[in-house]
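A short write-up of the structure that comes next.
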Amino acid sequence: MKKAYPGFLISVLCFGYAFLYVPIVLLIVNSFNDSRIVSVWGGFSFRWYANLFENQQIIDAALLSLRIAFISATFATLMGTLAGLALTRMGRFKGRVLFTGMIAAPLAMPEVITGLSLLLLFVSLQDFIGWPANRGAMTITIGHITFSMAYVAVIVQSRLSSMDQSLEEAAMDLGGRPFRVTLDITLPLIAPAMLSGWLLAFTLSLDDLVIASFVSGPGSSTLPMWIFSKIRLGVTPDINALASIIILIVSIGVGVAGWLILKQEKQRRTESQLKLSE
């Protein structure tokens with residue numbers, strides 16, 4: 001069997017990265033285009049960024065999306081972590097198969113079905129108990145928690161399954177109660193997975209359009225909904241400026257999270273080496 005040439009592999013790798021990132025670079029470049037027509041370069045300008053920050057509708061939609069994403073990611077991380085702990089630390093409890101299927105269902109369920117089912121749920125609750133009175137930010141947040149917690153649960157479960165339980169067992173042998181062992185030993189060890197799950201849930205919430213369209217009401221348009229309503233009339237330079245800002249924020253968040261995870265991994269390796277040397 002002939003070995004693949006390194007030059008061919010490098011070419012394929014470069015083509016793959018170019019396919020992913022060249023459109024993003026072009027979008028950022030066009031956000032500084034002074035011309036209103038995207039396909040015509042009219043010179044370098046910050047005109048569209050200035051127009052963007054003067055548009056109150058965009059600011060309100062962005063703030064609403066960020067608030068919903070932060071709240072939903074936080075609750076999804078808490079509930080997803082508890083679900084992951086239950087699946088890996090509680091053994092074969094009654095209803096485990098059903099519980100596992102309920103966690104996996106949002107991962108495979110089309111967003112249209114999820115959004116429609118949540119809409120019917122909120123309408124039924126409003127008819128029976130009068131809650132929620134209106135669909136808005138709260139119903140969008142509940143909908144985002146519903147599907148994003150499944151992703152967090154899978155990430156945390158994967159980390160717990162591959163983690164060495166000897167530290168937890170040693171802590172319990174020394175008299176530690178299960179709750180204290182979970183707080184002092186387990187949670188610090190799975191903190192990188194929880195952070196990764198939080199970032200994924202935050203991104204999924206910030207990016208969601210389909211579910212939010214079903215469970216939102218008047219005056220509660222998120223940023224993706226606003227962008228979708230604008231882009232149907234054609235791509236404008238202010239959309240490129242908005243997308244560039246979002247790319248910058250996400251890049252900073254991913255960079256900080258990656259730095260924290262690497263720092264914790266280095267600290268863990270250092271502590272392990274010190275223990276081995278002793």
query: Taking Ser11 and the conditions (1) within 20 Å of Gly234 (Cα to Cα); (2) among the hydroxyl-bearing types (Ser, Thr, Tyr); (3) assigned to a helix (DSSP H, G or I), which numbered condition does it fall short on, given that it satisfies the others?
result: (1)
- request: Inspect all residues belonging to the range 229-245 and state whether any of them is under 30 Å from Leu121 (Cα atoms) and in contact with a helix residue (DSSP H, G or I) (Cβ under 9 Å, 6 or more places away or on another chain).
  value: yes
- request: Could you list all residues from the range 252-268 that are under 17 Å from Trp198 (Cβ atoms) and among the polar types (S, T, N, Q)?
  value: Gln264
message: Condition (residue is of a type outside the set (Val, Ile, Thr) and within 19 Å of Ile71 (Cβ to Cβ)) applied to the range 186-195: is it met by at least one residue?
response: yes
- request: Filter the range 191-248 down to residues that are within 15 Å of Thr139 (Cα to Cα) and among the β-branched types (Val, Ile, Thr) and give me whichever is surrounded by the most Cβ atoms within 10 Å (Cβ to Cβ).
  value: Thr222
field: Residue under evaluation Ser196, criteria (1) of a type in the set (Gly, Ala, Ser); (2) in a loop (DSSP other than H, G, I, E, B); (3) touching a residue at least 12 places away in the same chain (Cβ under 8 Å), criterion not met
entry: (2)
query: Within the range 164-190, how many residues turn out to be among the hydroxyl-bearing types (Ser, Thr, Tyr) and modelled with pLDDT of 80 or more?
result: 2
query: Which of the residues that make up the range 161-179 are assigned to a helix (DSSP H, G or I), touching a helix residue (DSSP H, G or I) at 6+ places or on another chain (Cβ under 8 Å) and either over 25 Å from Met149 (Cβ atoms) or touching a residue at least 40 places away in the same chain (Cβ under 8 Å) (or both)?
result: Ser161, Leu167, Ala171, Met172
query: How many residues does the range 60-101 hold that are surrounded by 13 or more Cβ atoms within 10 Å (Cβ to Cβ) and more than 17 Å from Gly136 (Cα to Cα)?
result: 20
field: Qualifying residue in the range 215-231 (condition: over 18 Å from the mean Cα position of the chain (by Cα), at pLDDT 90 or above and in a helix (DSSP H, G or I))
entry: yes
Positions within the range 152-167 being surrounded by 17 or more Cβ atoms within 10 Å (Cβ to Cβ) and out of contact with any Pro (no Cβ under 9 Å at 6 or more places or on another chain), in sequence order: Val152, Ala153, Val154, Ile155, Val156, Gln157, Leu160
message: If I filter the range 137-151 down to residues being aliphatic (A, V, I, L, M) and under 16 Å from Leu116 (Cβ atoms), which single residue comes out as surrounded by the most Cβ atoms within 10 Å (Cβ to Cβ)?
response: Ile140
- prompt: Mind checking whether some residue in the range 117-125 is surrounded by fewer than 12 Cβ atoms within 10 Å (Cβ to Cβ) and of a type in the set (Ser, Thr, Tyr)?
  reply: yes
statement: Residue hits (the range 126-147; closer than 24 Å to Asp208 by Cα and hydrophobic (A, V, I, L, M, F, W, C)) are Trp131, Ala133, Ala137, Met138, Ile140, Ile142, Ile145, Phe147
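The values are calculated or read from the model by the stated rules, or taken from the named source; none is laboratory data. Bear in mind that the values here come from a model prediction, so they are computed numbers and not experimental data. Heads up, the Cβs are rebuilt from the backbone with ideal geometry, glycines too, and the neighbour counts pull from every protein chain shown.
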